[in-house]
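Asker: Please see the structure below; I have some questions.
Quick note: the coordinates plus some simple rules give every number you see, no bench work behind them. Quick caveat, the model's predicted, so the values are computed rather than measured. Using ideal geometry, Cβ is built from the backbone for each residue, glycine included, and neighbour counts are taken over all protein chains shown.
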Amino acid sequence: MNSEARYPEIEHADDAGGNAAGHGGHALFAWYGHLRANERRAFWSCKAGYALDAMDTQFLSFVIPTLIATWGLTSGQAGLIGTVTLLMSALGGWIAGILSDRIGRVRTLQITIVWFALFTLACAFAQNFTQLLVARGLMGLGFGGEWTAGAVLMGEVIRARDRGKAVGMVQAGWAIGWAVSAGLYTLVFSLLPAETAWRALFALGIAPAPFVIFIRRLVEEPEVHRLAKAQERETNTAHSFMEIFGADMWFTTLRTALLATGAQGGYYAITTWLPTYLKTEQHLSVIGTGGYLAVIIAGSYAGYLCGAWLSDRAGRKLAFITYALASMIIAIAYTHLSLDNTLLLILGFPLGFFASGIFSGMGAFMSELFPTRVRGSGQGFCYNFGRAVGAAFPFLIGYVAQKMALGAAIGTFAACAYGVVILAALTLPETRGAQLKH
């Protein structure tokens with residue numbers, strides 16, 4: 001039975017409106033030429049916003065060794081900063097989703113960008129571990145919120161046929177921000193002594209704040225959201241974020257949250273512990289070098305782009321399943337094969353490609369699963385529930401690795417996580433080409 005018959009709430013666009021999923025327009029960049037001015041402004045605002053979000057977020061990974069050396073931080077304290085950031089970002093994403101339904105997608109996007117920029121700057125003035133932990137945690141609220149607001153905005157602005165490609169290309173902004181962060185780290189630490197350079201790097205995190213002026217002046221609220229709010233005012237009705245747990249929506253919410261949990265749990269399982277495993281158990285020196293990082297980032301960007309194209313071409317579900325299976329295979333290969341530095345460098349590309357690219361279809365898929373009145377709430381909860389649970393995977397792997405080989409623990413958790421993605425994708429409706437529900 002097809003998805004339209006099983007899920008009558010999914011309305012698929014007809015070709016007359018230019019929104020059909022199955023006729024032409026599948027070239028990776030061809031869709032951009034058909035965008036209206038406001039759609040282009042929204043696209044670049046969200047892509048740049050997400051890239052700047054990634055830039056600010058990734059600064060910590062580069063300065064941790066310096067903080068350990070200058071402040072005497074323990075590895076446990078360094079890990080706690082990362083965990084608190086992730087958990088607070090999950091909370092921030094949920095709050096931003098609710099806010100975007102209440103005050104609008106564009107306004108929420110503005111707030112989250114200013115928020116993470118200001119608290120990244122605050123990190124530069126931290127005088128001890130506690131101050132940095134608090135500043136970084138508060139920064140996490142904006143980091144998680146920006147993705148939610150931007151993904152909902154893009155999901156509503158772009159026509160159904162190209163929604164996957166457009167939202168996926170916004171997601172690819174993460175790899176760009178990651179690369180910019182690495183470049184700034186190299187530049188700043190080459191010009192300044194380490195004890196000053198880490199503060200200067202965090203200070204550069206204020207750079208996204210002026211970008212909000214552009215968004216405020218040039219990006220409009222999506223029409224579908226404006227109409228929904230106008231209807232609420234006319235009928236004097238108010239909608240609660242609790243609707244996503246209501247009788248007609250809870251099962252969709254549950255399965256979508258599991259999809260996000262599997263993708264993010266697998267990602268954190270691989271990216272957190274794999275470098276340690278390769279260094280300590282396989283004694284590979286290329287790990288952590290600029291060349292290896294460049295290969296991973298290039299693979300990530302390519303993975304995002306291909307995932308975006310595939311989700312529109314072959315469907316959201318097939319894209320998730322394909323990337324989950326490939327990520328599972330990559331994780332097993334890394335933890336079971338005997339690798340040398342050259343082979344590891346080569347495998348860095350597919351690792352980044354699949355582990356990151358699986359997220360390309362998330363924004364579009366979640367936008368299509370929830371109605372406009374609670375789209376932000378549903379998307380914010382599901383994606384960030386996955387982030388919060390996935391953040392526990394590194395701890396669980398570390399605990400289990402006390403009783404079994406680290407490589408086996410990584411492979412087991414990654415396989416389980418991506419298995420959850422596949423099961424969730426199989427049970428959810430196919431939404432490729434679907435008109436957004438009101």
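Asker: Please list, ordered by chain and number, the residues whose modelled amide H lies under 5 Å from the amide H of Ile287; skip anything fewer than 5 residues away on the same chain.
Answerer: The list, which skips near neighbours in sequence, is empty: none.
Asker: Scan the chain and report its longest stretch carrying no GluC sites (Glu not before Pro) that are both in a DSSP loop and have at most 16 other Cβ atoms within 10 Å.
Answerer: 10-219
Asker: I need the chymotrypsin sites (Phe, Trp or Tyr not before Pro) found in region 70-175, filtered to DSSP loop residues with at most 15 other beta carbons within 10 Å of theirs.
Answerer: Phe125
Asker: HN-Hα J couplings of region 261-269 from phi, Karplus 6.51/-1.76/1.60, θ = phi - 60°, integer Hz, Gly and Pro as x?
Answerer: 5, x, 5, 7, x, x, 4, 5, 4
Asker: Just to check I understand the Karplus step: with θ = phi - 60° and J = 6.51 cos²θ - 1.76 cosθ + 1.60, what whole-Hz values come out for region 154-159, glycine and proline as x?
Answerer: Whole-Hz 3J(HN,Hα) from phi for region 154-159: 5, x, 8, 7, 8, 5.
Asker: Please report how far the C-alpha centroid of region 362-429 lies from that of region 203-227, rounded to the nearest whole angstrom.
Answerer: Computed from Cα coordinates, the inter-centre distance equals 29 Å.
Asker: While we're on this one: Only four residue types carry charge here, +1 at the Cβ of Lys and Arg and -1 at the Cβ of Asp and Glu. Report the dipole size of region 300-438 about the Cα centre in Debye, rounded to the nearest 20.
Answerer: 420
Asker: Pairs to check: Lys165/Lys317; Lys317/Lys403; Lys47/Lys437. Give those whose C-alpha atoms are more than 26 Å from each other in this structure.
Answerer: Details: Lys165/Lys317 15 Å; Lys317/Lys403 36 Å; Lys47/Lys437 24 Å.
Cα-Cα > 26 Å for Lys317/Lys403; rest within.
Asker: Right, here's the next one. If the only charges are +1 at each Lys and Arg Cβ and -1 at each Asp and Glu Cβ, what is the size of the charge dipole of region 54-167 around the Cα centre, to the nearest 20 debye?
Answerer: Values: 8 positive and 5 negative charges, 70 e Å.
Dipole magnitude for region 54-167 comes out near 340 debye.
Asker: If the only charges are +1 at each Lys and Arg Cβ and -1 at each Asp and Glu Cβ, what is the size of the charge dipole of the chain around the Cα centre, to the nearest 20 debye?
Answerer: Charge dipole, the chain, about its Cα centre: 320 debye, nearest 20.
Asker: Determine the shape class of region 322-367: with a ≥ b ≥ c the square roots of the Cα gyration tensor eigenvalues, call it rounded for a/c under 1.5, and otherwise prolate if a/b is greater than b/c, oblate otherwise.
Answerer: Prolate is the answer for region 322-367, as a/c is 1.5 or above and a/b outweighs b/c.
Asker: Ala314 to Ser338: FRET efficiency via 1/(1 + (r/R0)^6), r the Cβ-Cβ distance, R0 35 Å, to the nearest 0.05?
Answerer: 0.50
Asker: I want to verify a result. In a Gaussian network model of the chain, Cα cutoff 10 Å, which of these has the top mean-square fluctuation: Ile158, Ile103, Ile213?
Answerer: The residue that fluctuates most here is Ile213.
Asker: Which of these values of semi-axes √(5λ) of the Cα gyration tensor in Å was calculated from the structure shown: (1) 34, 26, 20; (2) 50, 25, 18; (3) 53, 25, 18?
Answerer: The value computed from this structure is option (1).
Asker: Of Ser190, Ala166, Gly144, whose Cα points farthest to the positive end of the dipole of region 128-203 (charges on the beta-carbon: +1 Lys, Arg; -1 Asp, Glu; origin at the Cα centre)?
Answerer: Among Ser190, Ala166, Gly144, the one farthest towards the positive end of the dipole of region 128-203 is Ala166.
Asker: Distance between the C-alpha centers of region 101-131 and region 238-277? Whole Å please.
Answerer: 23
Asker: Looking at Phe370, Tyr304, Ala324, which one has the Cα that reaches farthest to the positive end of the dipole of region 243-395 (charges on Cβ: Lys, Arg +1; Asp, Glu -1)?
Answerer: So the residue furthest toward the plus end is Phe370.
Asker: Then there is this: What is region 188-299 by shape, rounded, prolate or oblate, if you read a ≥ b ≥ c off the alpha carbon gyration tensor as root eigenvalues and call it rounded for a/c under 1.5, prolate for a/b larger than b/c, and oblate otherwise?
Answerer: Oblate shape, in that a/c is at least 1.5 and b/c is the bigger or equal ratio.
Asker: Taking H as built 1.01 Å from N, whose amide H comes closer than 5 Å to the amide H of Gln435, not counting residues under 5 places away?
Answerer: Answer set, sorted by chain and number: Glu11, His12, Ala13.
Asker: Apply the Karplus curve 6.51 cos²θ - 1.76 cosθ + 1.60, θ = phi - 60°, to the phi angles in region 52-67 and return the couplings in whole Hz, x for Gly and Pro.
Answerer: 5, 4, 4, 4, 4, 5, 6, 3, 4, 4, 7, 9, 3, x, 5, 5
Asker: Another one. Got a sec? Charge dipole of the chain, +1 on Cβ for Lys and Arg, -1 for Asp and Glu; which of Thr272, Ala175, Ser285 is way out at the positive end?
Answerer: So the residue we want is Ala175.
Asker: Loop-only trypsin sites (Lys or Arg not before Pro) in region 377-438, please: DSSP not H, G, I, E or B, and at most 13 other Cβ atoms within 10 Å.
Answerer: In loop regions of region 377-438 (DSSP not H, G, I, E or B), the sparsely surrounded trypsin sites (Lys or Arg not before Pro) are Lys403.
Asker: Checking the a/c ratio against 1.5 first, then a/b against b/c, what shape does the Cα gyration tensor give for region 293-335?
Answerer: Oblate is the answer for region 293-335, as a/c is 1.5 or above yet b/c matches or exceeds a/b.
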